[in-house]
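*Asks:* Before anything else, here's the structure in question.
The values are calculated or read from the model by the stated rules, or taken from the named source; none is laboratory data. From a predicted model like this one, the values you see are computed outputs, not experimental measurements. Because the Cβ atoms are built from the backbone with ideal geometry, glycine has one as well, and the counts that use them run over all protein chains shown.
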Amino acid sequence: MAYRNFRFADLSQQFGIRQTTGPLFSAKPALVEPSAFLLESIRLARTTPLTTEKAVSEALVFPVLREIKIRNADLVELFSGENLEADRQRGLNGECDFIFTKTPGAVELQAPILTITEAKRGDIENPRSLAQAAAQLCGARIFNQNHGQPVEMMYGFCTSGYEWVALQLTDSIVTIDSERYSIQNLPQLLGILQHVLDLSR
């Protein structure tokens, strides 16, 4: 089993993880205005057919995360398409679309992992998509622990490129945020991504 094969029932049975849904953030994070470069990148992306997860990931998701990386260049590093080997025997292994780590300038994946983003071309409300994102959070937590850099509260995102949903792993509970964030409202989307990085650090 790899991250993509997990269901929430598997997470419960193997790791005692319980899933719930509710508001993750008690206060609305500050808005972050997008750069002209990001706005142009998104505009150009909409002129091309985004028919695969790879296309969505490259054209819509990466530019947004790169914007956050640039804003936090001295604090974090952004990795794309890295394998996250946490516990192969229990299926916590496989490729993750995007990973933020607290290791600016690193050229290979290092702990501590702060957030993970999984890009999906299809419906992010699909339980299988959300379970994969939750499994990756479990893997990230174990990866951090194995490398002596534990992070108490792990955050992740699942996105179609157009809509984003946040997840939080604390103790044995994965909470799926009840709010959705849209690329149509970039200041709000960038604001929540920045807020999650601030909480993770």
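*Asks:* Would you please name the residue that is farthest from Ala134 (Cα to Cα), looking only at residues in region 8-42 that are surrounded by fewer than 15 Cβ atoms within 10 Å (Cβ to Cβ) and charged (D, E, K, R)?
*Replies:* Among them, the one singled out is Glu40.
*Asks:* Would you call Val56 surrounded by 12 or more Cβ atoms within 10 Å (Cβ to Cβ), within 15 Å of the chain's Cα centre (by Cα) and within 17 Å of Val196 (Cα to Cα)? Break it down stepwise before answering.
*Replies:* Details: surrounded by 12 or more Cβ atoms within 10 Å (Cβ to Cβ): yes; within 15 Å of the chain's Cα centre (by Cα): yes; within 17 Å of Val196 (Cα to Cα): no.
When the stated conditions are applied, Val56 does not pass them.
*Asks:* Of the residues that make up region 139-155, is at least one of a type in the set (Asp, Glu) and either at pLDDT below 95 or touching a Lys or Arg at 6+ places or on another chain (Cβ under 9 Å) (or both)?
*Replies:* Just the residues of region 139-155 that are of a type in the set (Asp, Glu), to begin with: 152.
Okay, now just the ones that are also either at pLDDT below 95 or touching a Lys or Arg at 6+ places or on another chain (Cβ under 9 Å) (or both), so 152.
The answer is yes, given that some residue of region 139-155 is of a type in the set (Asp, Glu) and either at pLDDT below 95 or touching a Lys or Arg at 6+ places or on another chain (Cβ under 9 Å) (or both).
*Asks:* Going through region 122-138 one residue at a time, which ones are out of contact with any helix residue (DSSP H, G or I) (no Cβ under 9 Å at 6 or more places or on another chain) and either of a type in the set (S, T, N, Q) or at pLDDT below 95 (or both)? First the steps, then the outcome.
*Replies:* In the first step, residues of region 122-138 are kept if they are out of contact with any helix residue (DSSP H, G or I) (no Cβ under 9 Å at 6 or more places or on another chain); the result is 125-126, 129, 137.
Once the filter is applied, which keeps residues that are out of contact with any helix residue (DSSP H, G or I) (no Cβ under 9 Å at 6 or more places or on another chain) and either of a type in the set (S, T, N, Q) or at pLDDT below 95 (or both), region 122-138 yields Glu125, Asn126, Ser129.
*Asks:* For region 70-91, give me each residue that is over 14 Å from Arg201 (Cα atoms), under 16 Å from the mean Cα position of the chain (by Cα) and of a type outside the set (Asp, Glu).
*Replies:* The initial filter retains those residues of region 70-91 that are over 14 Å from Arg201 (Cα atoms), namely 70-71, 78-91.
This time we only want the ones that are under 16 Å from the mean Cα position of the chain (by Cα), so: 78-84.
Hits for region 70-91 are Leu78, Phe79, Ser80, Gly81, Asn83, Leu84.
*Asks:* Could you list all residues from region 115-129 that are surrounded by fewer than 23 Cβ atoms within 10 Å (Cβ to Cβ), touching a Leu at 6+ places or on another chain (Cβ under 9 Å) and not charged (D, E, K, R)?
*Replies:* The one that is surrounded by fewer than 23 Cβ atoms within 10 Å (Cβ to Cβ), touching a Leu at 6+ places or on another chain (Cβ under 9 Å) and not charged (D, E, K, R): Ile124.
*Asks:* I'd like to check which strands (runs of 3 or more DSSP E) are fully inside region 99-201 and have at least 1 residues that are touching a Pro at 6+ places or on another chain (Cβ under 9 Å).
*Replies:* Numbers: elements: 113-119, 153-159, 163-170, 173-177.
Passing ranges, in order: 173-177.
*Asks:* Can I ask one more? Taking the criterion of being assigned to a loop (DSSP other than H, G, I, E, B), surrounded by fewer than 20 Cβ atoms within 10 Å (Cβ to Cβ) and without any contact (Cβ under 8 Å) to a residue 40 or more places away in the chain, would at least one residue in region 74-94 satisfy it?
*Replies:* Yes, some residue in region 74-94 is assigned to a loop (DSSP other than H, G, I, E, B), surrounded by fewer than 20 Cβ atoms within 10 Å (Cβ to Cβ) and without any contact (Cβ under 8 Å) to a residue 40 or more places away in the chain.
*Asks:* Can you pull out every residue in region 98-121 that is closer than 22 Å to Thr52 by Cα and modelled with pLDDT of 95 or more? Quick ask: steps written out before the conclusion?
*Replies:* Start the filter on region 98-121 by keeping residues that are closer than 22 Å to Thr52 by Cα, which leaves 98-99, 116-121.
Correct list: Phe98, Ile99, Ile116, Thr117.
*Asks:* Answer yes if at least one residue in region 104-114 is over 14 Å from Leu65 (Cα atoms), crowded, with 20+ Cβ neighbours inside 10 Å and under 15 Å from the mean Cα position of the chain (by Cα), and no otherwise.
*Replies:* Within region 104-114, the subset over 14 Å from Leu65 (Cα atoms) is 104-113.
Now restrict to residues that are crowded, with 20+ Cβ neighbours inside 10 Å: 112-113.
Now restrict to residues that are under 15 Å from the mean Cα position of the chain (by Cα): 112-113.
Yes, region 104-114 contains at least one residue that is over 14 Å from Leu65 (Cα atoms), crowded, with 20+ Cβ neighbours inside 10 Å and under 15 Å from the mean Cα position of the chain (by Cα).
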